[in-house]
Amino acid sequence: MKKVFFLFVFFWNFQTVSAQELTWHTDVNKAIEISARTQKPMLLFFTGSDWCGWCIKLQKEVFFKPEFKEWAKNVVLVELDFPRKTKLEPNLAQQNAQMQQIFQVSGYPTIWLVNPQKNGEQINLQQLGKTGYVAGGPVKWIEVANQFIAKK
């Protein structure tokens, strides 16, 4: 029996995470700036990257597929990670915990599609919709996400 091991390397520079040709931002404020400038909604991916089986399944079946990569050009991708084996930088861990509390995330994977709205100096994240793992691959997952984006 042949064993195959995959090594995923993420660079935690509190700016972006690039995996599988997609840019996943880890700095929410930076992602908000990009979203506001480009008029694209944000996709907030709450994950447990090194322990959550459903998160890994979602990535393999949807996020790493060409259909998703093409669709993802329409959103600003944000990864909010809650790993168990890897220690996050304190600022990143605090930001992720605050976002988890704001969006009342209690399970993983949770994906929120949001639209930043500026009200003076304050930024509100208008909730367009929430999903998680959707069976059926990228086409089915994108159908669900597009229903939320249509609300924008």
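The values are calculated or read from the model by the stated rules, or taken from the named source; none is laboratory data. Source: prediction; values computed, not measured. Cβ atoms come from the backbone with ideal geometry, glycine included; neighbour counts cover every protein chain shown.
Structure values in brief
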read-out: Residue match in the stretch 11-20 (condition: modelled with pLDDT of 95 or more, part of a strand (DSSP E or B), crowded, with 17+ Cβ neighbours inside 10 Å and of a type in the set (A, V, I, L, M, F, W, C)); value: no
read-out: Pairs where the first residue, in the stretch 30-43, is of a type outside the set (Asp, Glu) and the second is surrounded by fewer than 19 Cβ atoms within 10 Å (Cβ to Cβ) and part of a helix (DSSP H, G or I), C-beta under 7 Å, 6+ apart; value: Lys40/Asn74; Pro41/Ile149
read-out: Flag for Lys57 being out of contact with any Gly (no Cβ under 7 Å at 6 or more places or on another chain), over 15 Å from Ile111 (Cβ atoms) and modelled with pLDDT of 95 or more; value: no
read-out: Any hit, the stretch 24-45, residues being β-branched (Val, Ile, Thr), in a strand (DSSP E or B) and within 11 Å of the chain's Cα centre (by Cα); value: no
read-out: Evaluation of Tyr133 against (1) out of contact with any Asp or Glu (no Cβ under 9 Å at 6 or more places or on another chain); (2) part of a loop (DSSP other than H, G, I, E, B); (3) farther than 20 Å from Ala36 by Cβ (one fails), failing number; value: (1)
read-out: Residue match in the stretch 103-120 (condition: charged (D, E, K, R), surrounded by fewer than 16 Cβ atoms within 10 Å (Cβ to Cβ), at pLDDT 95 or above and closer than 19 Å to Met42 by Cβ); value: no
read-out: Pair list, Cβ < 9 Å and 6+ apart or interchain, from the stretch 123-152 residues that are without any contact (Cβ under 8 Å) to a residue 12 or more places away in the chain to residues that are hydrophobic (A, V, I, L, M, F, W, C) and assigned to a loop (DSSP other than H, G, I, E, B); value: Lys140/Val134; Glu143/Val134
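A quick yes/no check of all residues on (1) more than 21 Å from Ser49 (Cβ to Cβ); (2) basic (Lys, Arg); (3) touching an Asp or Glu at 6+ places or on another chain (Cβ under 8 Å):
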position: Lys85; (1), (2), (3): no, yes, yes
position: Gln94; (1), (2), (3): no, no, no
position: Trp112; (1), (2), (3): no, no, no
position: Asn115; (1), (2), (3): yes, no, no
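Residue by residue, here is whether (1) over 16 Å from Asp27 (Cβ atoms); (2) touching a residue at least 12 places away in the same chain (Cβ under 8 Å); (3) out of contact with any strand residue (DSSP E or B) (no Cβ under 6 Å at 6 or more places or on another chain) holds:
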{"residue": "Leu77", "(1), (2), (3)": "no, yes, no"}
{"residue": "Arg84", "(1), (2), (3)": "yes, yes, yes"}
{"residue": "Asn91", "(1), (2), (3)": "no, yes, yes"}
{"residue": "Gln95", "(1), (2), (3)": "no, yes, yes"}
{"residue": "Gly107", "(1), (2), (3)": "yes, yes, yes"}
{"residue": "Thr110", "(1), (2), (3)": "yes, yes, no"}
{"residue": "Leu113", "(1), (2), (3)": "yes, yes, no"}
